[in-house]
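Input: a single structure, listed below in structure tokens.
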Amino acid sequence: MEVLFEERLRGRRGGARTVLWLRTIVNLIATAAAERWTTRQPVRERKKLMTSLAQDARYALRLLRRQPAFSLFVVLTLAVGIGANAAVFSVVNGVLLKPLPLTDSDRLVAVWGRFDPESGFDFPQFPLSNPEYLEYRDHTRTLSGLAAYSPQSITVGGPGADPERVAAAAVTANLFQVVAAEPLVGRGFTARDDSPAGEPVAIISYGFWKARYAGDPSVLGRVVPMNGTATTIVGVMKDGFAYPRATTRIWMPLKIDPANPGSRKGHGIRAVGRLAPGADVAAARVELQALMAAWKARFPDIHTGHYLFMRPLLEDIAGSVRPALLLLLAATGFVLLIVCANAASVVMARGEARTREMAIRGALGAERRRLVRLSLVESLLLALAGGTIGVVLGHVGVQALLAVDPASMPRSAEVGLDLRVAGFAAAATVVSAILFGLAPALRGARADIQSTLKESSLSTAGGGRQWFRRGLVAAEVSLSVLLVIGAALMLRSFTELLSVEPGFQSEGLVTASISLPATDYEVPEKVEAFYSAVIDRVKASPGVVAASAGSTVPLRTDQGVWDFEIDGRQKPGAGQIAWNAAAVVVRPGYFETLGVPVVRGRTFTPQDDGRSATVVVINETMASKYFGGEDPIGRRIRIVGVTAPEGWMTIVGVSRDVRTEALDQPARASYHFLQSQTPRFGDGPFRTMSIVARTTASTDATLGTLRSAVRELDPKIALYDVQTAETIIDRSVARPRFTTLLLSLFAFTGLVLGASGIYGALAFTVARRTQEIGIRRALGAPPSHVVREIVTGGMTPVVIGLVIGVLTSYWTSKLWSTQLFGVSSTDPVVYAGVAAGVLLVGLAATIVPVRRALRVDPLVALRAE
């Protein structure tokens, strides 16, 4: 441009040069304005697009206001689906996805022991021994720290306050460093505190500080009786810190002596570690495997088939509920798909009435993408309204889920609505809008004006649209069948679980636990005197039929497993499963109070005491497992490691099996010893027992008598775990009840939505074919023909969906098997019952459309045509 301007300027003189300059300046200004206008076009296009979207939204709102029934139905249907998904995802998020409330919790790992059958035992998960922990702590390079702990419960006393039993943990001094937690006030534990010579000290939780000491800052340095020992409070943890259990309120030093750690066979502690910088779980596992190989070479009699393993801490805490939660999340996903199919069917039916409008818009020049966008905007508005209500329903649903039984759900305190849940709900809303709105929008935006006018003139929908709606109904039915079969299996499984006999009579049975401090009850005589006095006072109270005590309560307390040997029989050799059973320490009258019959021999009598011969009562499982067809009465057994002559115990009875862990777990082999005789084969008297009493009076009256008796005998003792047997049984089935309840609710929702989809499709078809039905009736078609055609048209997608759903359920049956008890995942009774039920529901959904069709007046229909 510059060269051209110079050439033109060179041949001009005077005024011509001035004119050329002016023309050039004007042209430059005009060109610059044009270029500027061109660069602003994307901005103007965006503004135009936003204006167009706003117009579409206003138009969609006007349409929806004119059809409130349609709008309300779609919005509420979507709200149910999105709300269910938001509620279950809130639980999944809080339990499985949200990081633990610990610094860099993804770097924390749990370390456990394992016994394979090769070791002579079969324990997939077992605590560590002190020497194992110390050696691993000192030799690991992939962990920056390894701490040990032992969950406990202790009695806290103090001037002016009743004794209280609280959850506690004995921990190594480095636990707080490993989990990166510091006290809010005071200090943590030191190496001196954790040594055997250290003074008794404790750190309390923030909640316990506020509840028991009203947040008094002077609590630091206060000496408080804990399990009868004067203990100094040295720190208060920050609010929200609760490890290793959510209920932990007090931490005390574990006091492992490296110079004398004990036997490698004594397993009683658990461990948590933090990965070193640059290390991951895979590298830590490789290092641990090398260490296990070295242990096996050094200690072949101990570490053959016995080793340590690790897993991420979050998986360790919440892994047990992962399958059930993912199953529920999949179920809610099916509900959302059913909701979307239902909404798509309704939207498409409504769109049939707008085909002429869309055709006219296309004829006037509207692009197809504009018509699609118009329909999608309407769907998005419906989805946004449904999603908003769904979030509210999800919040209510979360509270309802937690109210079922929060104790059965780990990390229940972390469950709630947060940004991640809100994002999930927003994504579900958008996806729902696309799923139920895109297909009807694409079909409704077809520009085939001639065929559209023909269909309109006949007042019937095209065959393609009818089959598409039927396909949606078939999809709804198939998804509903999946849900209903799953819920039916879970419901039958839960029924089977409730029908299991626990082995004891729960009616009128109450229980409460007592733990006597070793400082005050060191000798067996004092322990025996205390429990004898308590039980005698409870027995004397009005309405009490029987009372006794045991170290465990069925379905509630973990039982320790003790190895034993049988007199006159060769002990298991290397690699053979060892003889062991759950050890239960009881008092006379234990079986009679629980209502557990002794099927052979006798139970304990008043003559069995600390001065008589040592006796033992075994259960049926132990008798059949270790004695087969032999009569065990009179045979002698003793605890492994006990060599004193009085260590031999004579079997005097065989009791009925009792479910000790859970109703869905078989009874374990167990043997029962008298509390007064345990010092002969243990380290001392057994001080922690659970009082059991059977009463015809009120539970509160019996527990009041028990509390008074304990307070009068020793005011420093606290009762804890006070509950009825019915409550224990109810809590033992809380988790399967939770899963069954939700699946049943989702299945019912899916079935109702499927039925409404069938009804909606048939009702629309009948409405569109009113003239046709009238003409056929006028020409002499019998009502049976009309009924058969409508029912066949309605039941065809039902049968197709039923077949697809049944086949899919059978193909995915293995996914259900882990959640079932006492029923096969391919149970023919369930499948047949669900198939019959779905067919009946489908037939019921055709009743109203059929009646409408039969009420069509041929004269009215012909006059309208």
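The values are calculated or read from the model by the stated rules, or taken from the named source; none is laboratory data. It should be emphasised that the depicted structure is a prediction, and the values quoted were computed from it without experimental measurement. Every residue, glycine among them, receives a Cβ derived from its backbone with ideal geometry; neighbour counts consider all protein chains shown. For the accessible areas, the whole protein counts, side chains as well, though only heavy atoms, and no ligand, DNA or RNA atoms are used. Shrake-Rupley method; radii C 1.70, N 1.55, O 1.52, S 1.80 Å.
What the table shows:
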| quantity | calculated |
| --- | --- |
| Unmet criterion (only one of (1) assigned to a loop (DSSP other than H, G, I, E, B); (2) open to solvent by 50 Å² or more (accessible area, probe 1.4 Å); (3) among the aromatic types (Phe, Trp, Tyr)) for Tyr307 | (1) |
| Complete set of residues in the range 108-153 that are of a type in the set (Phe, Trp, Tyr) and farther than 30 Å from Asp721 by Cβ | Tyr136 |
| Only listed residue being under 21 Å from Phe123 (Cβ atoms), β-branched (Val, Ile, Thr) and open to solvent by less than 10 Å² (accessible area, probe 1.4 Å), chosen from Val584, Val640, Val616 | Val584 |
| Residue satisfying condition, being in a loop (DSSP other than H, G, I, E, B), open to solvent by 20 Å² or more (accessible area, probe 1.4 Å), more than 30 Å from Ser515 (Cβ to Cβ) and not charged (D, E, K, R), within set Pro632, Pro572 | Pro572 |
| Close pairs (7 angstrom Cβ cut-off, 6 or more residues apart or separate chains): under 23 Å from Val392 (Cβ atoms) and modelled with pLDDT of 80 or more in the range 58-77, among the polar types (S, T, N, Q) and surrounded by fewer than 14 Cβ atoms within 10 Å (Cβ to Cβ) anywhere | none |
| Qualifying residues in the range 476-502 (those that are part of a helix (DSSP H, G or I) and open to solvent by 40 Å² or more (accessible area, probe 1.4 Å)) - the one nearest to Val658 (Cα to Cα) | Leu498 |
| Ile804 being at pLDDT 85 or above, touching a helix residue (DSSP H, G or I) at 6+ places or on another chain (Cβ under 7 Å), open to solvent by 30 Å² or more (accessible area, probe 1.4 Å) and farther than 30 Å from Leu663 by Cβ | yes |
| Verdict on Asp520 being out of contact with any helix residue (DSSP H, G or I) (no Cβ under 6 Å at 6 or more places or on another chain), of a type in the set (Asp, Glu) and more than 24 Å from Ala669 (Cβ to Cβ) | yes |
| Selected residue (criterion: farthest from the chain's Cα centre (by Cα)) from residues of the range 535-569 that are in a loop (DSSP other than H, G, I, E, B) and farther than 30 Å from Val510 by Cα | Gly568 |
| Number of positions in the range 712-724 that are open to solvent by 60 Å² or more (accessible area, probe 1.4 Å) and farther than 17 Å from Ser532 by Cβ | 3 |
| Tally, over the range 643-668, of residues that are touching a residue at least 40 places away in the same chain (Cβ under 8 Å) and either open to solvent by 50 Å² or more (accessible area, probe 1.4 Å) or within 27 Å of Gln819 (Cβ to Cβ) (or both) | 12 |
| Yes/no for Arg737 being open to solvent by 30 Å² or more (accessible area, probe 1.4 Å) and either touching a residue at least 12 places away in the same chain (Cβ under 8 Å) or in contact with a Phe, Trp or Tyr (Cβ under 9 Å, 6 or more places away or on another chain) (or both) | yes |
| Criterion (modelled with pLDDT of 75 or more and open to solvent by 30 Å² or more (accessible area, probe 1.4 Å)) met by exactly one of Ser809, Ser784, Ser813, Ser825 | Ser784 |
| Checking Arg470 against (1) basic (Lys, Arg); (2) within 20 Å of Leu703 (Cα to Cα); (3) at pLDDT below 90, the condition it does not meet | (2) |
| Residue list for the range 136-173, filter: touching a residue at least 12 places away in the same chain (Cβ under 8 Å), under 24 Å from Asp280 (Cβ atoms) and surrounded by fewer than 17 Cβ atoms within 10 Å (Cβ to Cβ) | His139, Arg141, Ser144 |
| Close pairs (9 angstrom Cβ cut-off, 6 or more residues apart or separate chains): more than 19 Å from Leu336 (Cα to Cα) in the range 460-474, assigned to a loop (DSSP other than H, G, I, E, B) and at pLDDT 50 or above anywhere | Thr460/Arg769; Ala461/Arg769 |
| Total residues in the range 239-276, condition of a type in the set (Lys, Arg), surrounded by 21 or more Cβ atoms within 10 Å (Cβ to Cβ) and more than 25 Å from the chain's Cα centre (by Cα) | 1 |
| Unique match (being of a type in the set (Val, Ile, Thr) and part of a loop (DSSP other than H, G, I, E, B)) among Thr248, Thr231 | Thr248 |
| Residue in the range 208-215 that is at pLDDT 90 or above and more than 19 Å from Pro163 (Cα to Cα) present | no |
| Residues satisfying the stated conditions in the range 159-217, i.e. under 21 Å from Gly240 (Cβ atoms) and in a strand (DSSP E or B) | Val166, Ala167, Ala168, Ala169, Val171, Pro183, Leu184, Val185, Gly186, Ala202, Ile203, Ile204 |
| Qualifying position, being under 30 Å from Pro300 (Cα atoms) and open to solvent by less than 40 Å² (accessible area, probe 1.4 Å), among Ile566, Ile535, Ile577 | Ile566 |
| Any hit, the range 115-126, residues being under 17 Å from Val272 (Cβ atoms), touching a helix residue (DSSP H, G or I) at 6+ places or on another chain (Cβ under 6 Å) and touching a residue at least 60 places away in the same chain (Cβ under 8 Å) | no |
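Conditions tested, residue by residue: (1) part of a strand (DSSP E or B); (2) open to solvent by 60 Å² or more (accessible area, probe 1.4 Å).
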site	(1), (2)
Ala293	no, yes
Arg311	yes, no
Pro323	no, yes
Leu328	no, no
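One line per residue, one yes/no per condition, for (1) small (Gly, Ala, Ser); (2) out of contact with any strand residue (DSSP E or B) (no Cβ under 9 Å at 6 or more places or on another chain); (3) within 21 Å of Arg611 (Cβ to Cβ):
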{"site": "Gly647", "(1), (2), (3)": "yes, no, yes"}
{"site": "Thr660", "(1), (2), (3)": "no, no, no"}
{"site": "Gln665", "(1), (2), (3)": "no, yes, no"}
{"site": "His672", "(1), (2), (3)": "no, no, yes"}
{"site": "Gly682", "(1), (2), (3)": "yes, no, yes"}
{"site": "Ser690", "(1), (2), (3)": "yes, no, no"}
